[in-house]
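The values are calculated or read from the model by the stated rules, or taken from the named source; none is laboratory data. Every value quoted in this text rests on a predicted model; they were computed, and no experiment measured them. No Cβ is skipped: glycine too gets one built from the backbone with ideal geometry, and neighbour counts run over all protein chains shown. Note: areas computed on protein heavy atoms with side chains; ligands, DNA, RNA excluded. Shrake-Rupley method; radii C 1.70, N 1.55, O 1.52, S 1.80 Å.
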Amino acid sequence: MTELLELLTVARTAGQQAATWVKDNRPPGRVGIAATKSSPTDIVTELDRRSEELIREIILSARPLDGFVGEEGQDVAASSEVTWVVDPIDGTANFVYGIPAYAVSIAAVIDGVSVIGYVVNIASGEEFGAIRGGGAWQWLGSETNAAREKLTGPPATSVDQLLVATGFNYDANVRRHQVTALALLLPQIRDIRRVGAAALDLVAIARGQVDAYVEQGLKPWDLAAGQVIATEAGLVLSGYDGPPDERLVMAARPDIAEEYFALIRACGF
Ligand code: LIP
């Protein structure tokens, strides 16, 4: 059985180096856009591409038989039980505009399940990790043996008092659907927050900075690391009628999960 702590150490090493490189090489002002992908607003920069190359080099040097799936492509098939799922800069629009909420997100996946997750906010340097069955935490320093603060999710609250993190898809038709559903949800909760990076949204609920989460259209690399961090912080994650997926990701405390999930479905997400 693969040693999960070893996987997390590899993820943190690669994530720290990529985050440092991106931060050191981000030019002042707006970052130039290298290309668009699924839509005119789905952007990628040369730094996204280089960050992913760097992460792939570090991880596969340490674990050459593993698979690799990254947002920017050039995937590698696995010859071991482990596949790495990586977003080299999650929150690319924030990165381009200089809004300090963009992250490196790295997960190791075995049999379709994230067994470790690592997320670092590139702008702030804040690092978060989780081991499946071993909890979730924030490191309080960048050194290997830095102290760690356990993440335990938000305090109890009623559904009508929820502060809900969400995001909007790059596809205009999906966006229209999301806004229609949001118009029904918003009057029934405290408020929403739209930070612009799914990995940081899932870290935020793990930290208790928001009470719940909902988003449609997430790709595996947006979700993989944040999913295990939020789960290990005690949150319940769900899809519309099964595991979280591109169709829908919802997250909430166990005591209100079913009520909140029913509200999301009733609003038409
Ligand atoms: C982003 C997600 C975010 C979503 C954005 C975008 P990217 O990923 O993390 O939650 O709302 O539309 O998809 O493209 O910045 O890596």
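Things to note:
- Per the conditions (1) over 25 Å from residue 152 (Cβ atoms); (2) open to solvent by 50 Å² or more (accessible area, probe 1.4 Å); (3) modelled with pLDDT of 95 or more; (4) not aliphatic (A, V, I, L, M), the sole criterion not satisfied by residue 74 is (3).
- Options 35, 93; residue that is surrounded by 15 or more Cβ atoms within 10 Å (Cβ to Cβ) and aliphatic (A, V, I, L, M): 93
- Qualifying residue in segment 48-63 (condition: within 27 Å of residue 233 (Cα to Cα) and open to solvent by 10 Å² or more (accessible area, probe 1.4 Å)): no
- Members of segment 215-251 that are closer than 11 Å to residue 261 by Cα, more than 14 Å from the ligand (Cβ to nearest atom) and assigned to a loop (DSSP other than H, G, I, E, B): 239, 240, 241
- Residue in segment 227-244 that is without any contact (Cβ under 8 Å) to a residue 12 or more places away in the chain, open to solvent by 10 Å² or more (accessible area, probe 1.4 Å), in contact with a Lys or Arg (Cβ under 9 Å, 6 or more places away or on another chain) and acidic (Asp, Glu) present: yes
- Hits in segment 1-57 - residues which are free of Cβ contacts under 8 Å to residues at least 24 places away in the same chain, aliphatic (A, V, I, L, M) and closer than 24 Å to residue 169 by Cβ: 34, 35
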